[in-house]
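Participant: Just passing along the structure, written as structure tokens.
Just so you know, all these numbers are worked out from the coordinates, no wet-lab data involved. As the structure is a prediction and not an experimental result, all values here were calculated from the model. Ideal geometry is used to build each Cβ from the backbone, glycine not excepted, and the neighbour counts take in all protein chains shown.
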């Protein structure tokens, strides 16, 4: 067995304890330290995982040559400076979603990691759940056929965040999943965002994102902090089958419906009287694959270690994070323009030859 | 008891038999004739309700002085000419949704009916279901408080219509309901429509409509012909309570959640550090009102008779139909503009003094 | 095409109209007459299906040589005399469930039909639904393995019947289905019935039936008139898979779970310390077969015609009806004995060689 | 503030860690030690709650005069000897369900605690959940009226226990809840038990319990280790309303239906022709009370402390545990008698005057 990698968790707020627990439980990692400006909060997290050193000094962490990597779970606006400092110090970096608070900062982060030859990983946790891994696999093997539409709903009574709107709070989940499972990832040209702030909180609490996908397909996301009921559902329609992922139904998270509209030779018949005759329904079986019960974040930290050791991009690398960020950036511009579609801008730096 | 009114049903296709059955069962109406260009189809409907005269001549129907009113269940593009001819002949008119296939034609219909002092009613059947009547009542009495958002989903594996897209096929239901239950009706300034036609059928099969409402609120509609699962759900969020209408759950169609976000003095504290402290959750009881089981269309034909007898607009009058049509018109323009918001145009003719 | 068979429907109450409609719609049958002591009620049913002769005289019906068969939808206590008279007159007979109100009368009916060489069919309508036909097929082909248990729940707010308790009103459905789908039918030796009449109506409104099946398996039925929620669910557990039939879920009526307990070499290890190690779980996929939408009663009348023409017992013949009746009879005795198991008595007359 | 009470947790298996965590978190208690024959297992639990002394010697625990109370989470067959030794040593005792493995041992335990004037509490955890506390409250205040029936279902794919059957494993939950919420507790005269062991494991894996309650009412419990789907539902029907508790629906655990059968003057009219007219349906509103999210076991340890300090029986005292045990005992006799009802034997010792 190779030696364990040393990691520091930066940020002891909401997500930090989960990172700490999973690094601690991993055979790949040694959780070297927990860093937070609030040293007591850091200590609280350290106590929860059984005696890990703490510090309030990021400089100290980065100056420590034994540290191989850091995992950042701080507010989004700090991702850029912390990541740059860490890369400068030669550390691999995993960043909480969203990658940054501005697209150009994300681009900067990806470019720097690339220059340094270091791993920059986006912690898109959902992508490592058994359900999403299965969805990706099913799509990759062609079980759904060509993708026709993706409709994602993520709504519940949610805490109104002080610094971000509902798009930046919730949609990164849906976006990172769509980017992960579709063969071409988040391949859109423009984003239309419609939001409402009916409680006058200063930010959208109800939001909708519409994105055309290649081939006439479309992705749509509904995020909402004001819904009394909780729904987390994604429908992925394909030419062969349609998949419904209901994340709140542990007994049947994924259903694959062999139902759909069959369009025989539509092109030919579109203008003929007999056109209707070419449309038929398929009402086939429904199938729900068994899913293992595994904690996604355990898979995340394993992938981070593997990417470092194998000197390859992580499955959800900085570029994946940047694609998500670019959609959020376009959404912000669309909102500012009253809902008009905003072009998706995605400047991914060319990876220099190794 | 006053004498029965005589009505002719025009069109013996999908909806005509339902109209015929309900006029036949009503104590207010005498179903005088069923008219369809295809006389055999008319006869089929007549047989189903027990011996009603049939004809293939609309002129004949309109020339008959004993006929008080007609109910039109023909394709949308024929609504305008049939209605105008009927109004010209002094008949009251009920029209299937949508009111017409073009906004300006709907305006014309409303103006003509107004000039003639005749009833022009939109058959917005859903508005007469026990569920929607109850929703309207609850909102009117203030049970929900001010409306924050409306989110409507109407999706299932649907027949791809030869002449209309999914917006014109399904959204009139949602639009007519929203128009009916909100205190100010469909009071929007612009419509953004996003559609997808991934099967290359020549029309959108997946569609989303976003509309700002007064006071920062928002309405959104999702219609879809390609979904393997069937959902008919509308969420109406208010400052006091939120209502969920699940039309496919006969055991609990309407749920009123006394849950929400309470924002104490948001205006004052929006820029203070203590702002978060002013947000709190209400997790109160849920309540589901009992609903009578009644056929909506029975209520529709009663309302048509009452409006004629009382010389008043129907609850869902031509103007309501025109508001729905105006949203569809704006949606068409938004689609053509790639999803950019299109202004809502609504020229309702001034009702001349009686 | 052979000539149509002539049938008379006896009884124009709750079920009669459904029989009339399906005989009327069948290409196998000519609905010759509708017979009810209340001639107006008979006329009402006749009008509903479009002009069928009516009569209030059963004798007249039975004396008519053109009548091939009768379908009885009268109260259970009249099934025996009407059936006997009809068999005497050489008519084939289909009887509403339950076959009779007393077991010995049912035996008599089966024996007489056998003697006369006439078809006696039990109208176990549920057995002809697409769902139950599929369940029978799945069990027959071994998809579930050996049957371990059957648990059936049929509860809702039901009309308290004037003449029968909840067992006789609802359980015939469950019993006839179990008899139909299990390879050995309703093969039990005793029945325990537990009932409650907490409203003092003079009959059980809440009921439970427990029946041991061959091989250590067990069937259990819960019927209830007092439940505010409606449940119609049957679980059939097998050694290989378990099937859940939820008749109120049109989107997924049947689910086949490849989940269960695997007991490796239980016999050998039952007394060893390592026994636990031999138990393991299977958490496999779930599968929901597509079902056609077809009216069961249409299949029933077709089967009645086929049995007559082919001179063979119907799939749900008098003996099937008698097995159901025998369980109800044993349940009655168990109830009278305070819930003690009552032996199942089933004297099926030996069918004489043709 | 009074001083904390000292408690030892006996048994570090499945339930012990939960007890340890809750005693540790309570302001009423000092978790003094964790005792298990397997000292490593005890240490594991101690580590999980942060440094609590461990021991493998029960004698040592009982000899320690600073220990006020013990909480027993060992196999059922050891409850009697441990409890007796602890009472002898002057310790208060809380016991995991079931109280003991034999009814007479439970009686002995209750009698000894009574003699010693010490608290003997049954850890009926479910009774301290917000849902069950609310149900008890609703019944107590008359919201349901008189109780007509209780139907409880607790089924899922469960571990086949090495030492107990499905009745002893699962039914104590249902029984303790029924005992807790009904005004007269588990007031039955006999128990009928029907079980199946179709996998030949040597014990029932599927089980049904039927118990008459006072006034013609009835309780029924279905427990099952072989069900692929998980259901935890209790229906409590009353003369006024019916309550459904679905423990797996966090969004609406409790629903109170104002639906039912109204029987006007049944006694008078039972034999008259007009009887049917006296039955009518109530289809009123449904109401779902908000429930706080609180861990039940925290309430359990608080109640244990309060009972000790206030020198009163716990809300779920030894006698409650004994009532549950007596039903299990009767069920065992009924099973042995092939399902015949077995009389409920309940010898609760007279509490001697203080």
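Participant: Measure off 7 Å from each Cα along the Cα-to-Cβ vector at residue B:200 and residue A:184, then give the distance between these two points in nanometres to one decimal.
Facilitator: 1.4 nm
Participant: Next question. Would you mind giving the three semi-axes, in whole Å and largest first, of the ellipsoid equivalent to the protein assembly as shown according to its Cα gyration tensor?
Facilitator: For the protein assembly as shown, the ellipsoid semi-axes come out as 54, 50, 30 Å.
Participant: Rounded to the nearest 5, what % of DSSP beta bridges with both residues in chain C are antiparallel?
Facilitator: 60 percent
Participant: A follow-up question, please. Once the convex hull of the alpha carbons of segment C:1-54 is built, what does its volume come to per residue, in cubic angstrom?
Facilitator: Normalising the Cα hull of segment C:1-54 by residue number yields 61 Å³.
Participant: Given labels modelled 7 Å from the Cα in the Cβ direction, how far is it in nm from residue B:56 to residue D:302?
Facilitator: Distance between the two pseudo-spin positions: 8.1 nm.
Participant: Could I ask something else about it? Can you give me the angle between helix B:318-336 and the longest principal axis of chain B, using Cα atoms only, in degrees from 0 to 90, rounded to the nearest 10?
Facilitator: Taking the Cα atoms of chain B, the angle to B:318-336 is about 70 degrees.
Participant: Which of these, D:44, D:298, D:11, has the largest mean-square fluctuation under a Gaussian network model of chain D (Cα springs below 10 Å)?
Facilitator: Maximum among the listed residues: D:44.
Participant: For segment C:1-138, rounded, prolate or oblate, judged on the Cα gyration tensor with a ≥ b ≥ c (square roots of eigenvalues), a/c < 1.5 rounded, else prolate if a/b > b/c?
Facilitator: rounded
Participant: Now, a different point. Which residue fluctuates the most in chain D, going by a Gaussian network model with Cα springs under 10 Å, if the choices are D:244, D:49, D:301?
Facilitator: D:49
Participant: Looking at the calculated P(r) for segment C:154-204, what percent of the C-alpha pair distances fall above 16 Å?
Facilitator: 51 percent
Participant: If you scale each eigenvalue of the Cα gyration tensor by 5 and take the root, what three semi-axes come out for segment A:127-287, rounded to whole angstrom and sorted largest first? List each step's numbers first, then the result.
Facilitator: Working: eigenvalues 201, 73, 43 Å².
They are 32, 19, 15 Å, listed largest first.
Participant: Classify segment C:85-177 from the C-alpha gyration tensor, please: rounded if a/c falls under 1.5, else prolate or oblate depending on whether a/b exceeds b/c.
Facilitator: Oblate, since a/c reaches 1.5 and b/c is not below a/b.
Participant: Here's a follow-up. Sorting D:56, C:176, C:288 on the 10 Å Cβ count, fewest up front, what's the list?
Facilitator: D:56, C:288, C:176
Participant: Going by the rotation axis that takes chain D to chain C, pick out the residue of D with the closest C-beta and quote the gap in whole Å.
Facilitator: Nearest Cβ to that rotation axis, in whole Å: D:340, 2.
Participant: Residue A:251 to residue C:140: FRET efficiency via 1/(1 + (r/R0)^6), r the Cβ-Cβ distance, R0 30 Å, to the nearest 0.05?
Facilitator: According to the calculation, E is roughly 0.65.
Participant: At R0 = 22 Å, how high is the FRET efficiency between residue B:311 and residue B:66 if r is their beta carbon distance? Nearest 0.05 is fine.
Facilitator: After rounding, the FRET efficiency stands at 0.65.
Participant: Let me ask something else. Rounding to the nearest 10 and keeping the result within 0 to 90°, find how far the Cα-based axis of helix D:16-25 lies from the longest principal axis of chain D.
Facilitator: Here the helix axis deviates by roughly 80 degrees.
Participant: If each label sits 7 angstrom from Cα along the C-beta direction, how far apart, in nm, is residue B:104 from its counterparts in the other copies?
Facilitator: Copy-to-copy label distances at residue B:104, shortest first: 4.7, 8.8, 10.0 nm.
Participant: Continuing with the same structure: List the distances, in nm to one decimal, from the label point of residue C:145 to the label points of the same position in every other copy, shortest first, placing each label point 7 Å from Cα along the Cα-to-Cβ direction.
Facilitator: 3.6, 4.7, 5.5
Participant: List, shortest first and in nm to one decimal, how far the label point of residue A:25 (7 Å from Cα along Cα→Cβ) is from its counterparts in the other copies.
Facilitator: Label-point distances to the other copies, shortest first: 1.8, 5.6, 5.9 nm.
Participant: D for chain A, whole µm²/s, Stokes-Einstein with Kirkwood Rh over alpha-carbon pairs at 4 °C and 1.567 mPa s: what number?
Facilitator: Diffusion coefficient, whole number: 60 µm²/s.
Participant: Describe numerically, in nm with one decimal, the distance between label points set 7 Å from Cα along Cα→Cβ at residue B:77 and at residue C:77.
Facilitator: 6.6 nm
Participant: Would you calculate a helix-derived [θ] at 222 nm for chain B, using -39,500 (n - 2.57) for each DSSP H run of n ≥ 4 and dividing by the full residue count, to the nearest 500?
Facilitator: When only DSSP H runs of four or more count, the value is -10000 deg cm²/dmol.
Participant: Any idea what angle helix D:296-310 forms with the longest principal axis of chain D, computed on alpha-carbon atoms, 0 to 90 degrees, nearest 10?
Facilitator: 70 degrees
Participant: While we're here: If you rank B:14, C:126, C:208 by fewest surrounding Cβ atoms within 10 Å, what's the result?
Facilitator: B:14, C:126, C:208
Participant: Okay, moving on. Shape call for segment D:39-90 from the C-alpha gyration tensor, a ≥ b ≥ c root eigenvalues: rounded (a/c under 1.5), prolate (a/b greater than b/c) or oblate?
Facilitator: Oblate shape, in that a/c is at least 1.5 and b/c is the bigger or equal ratio.
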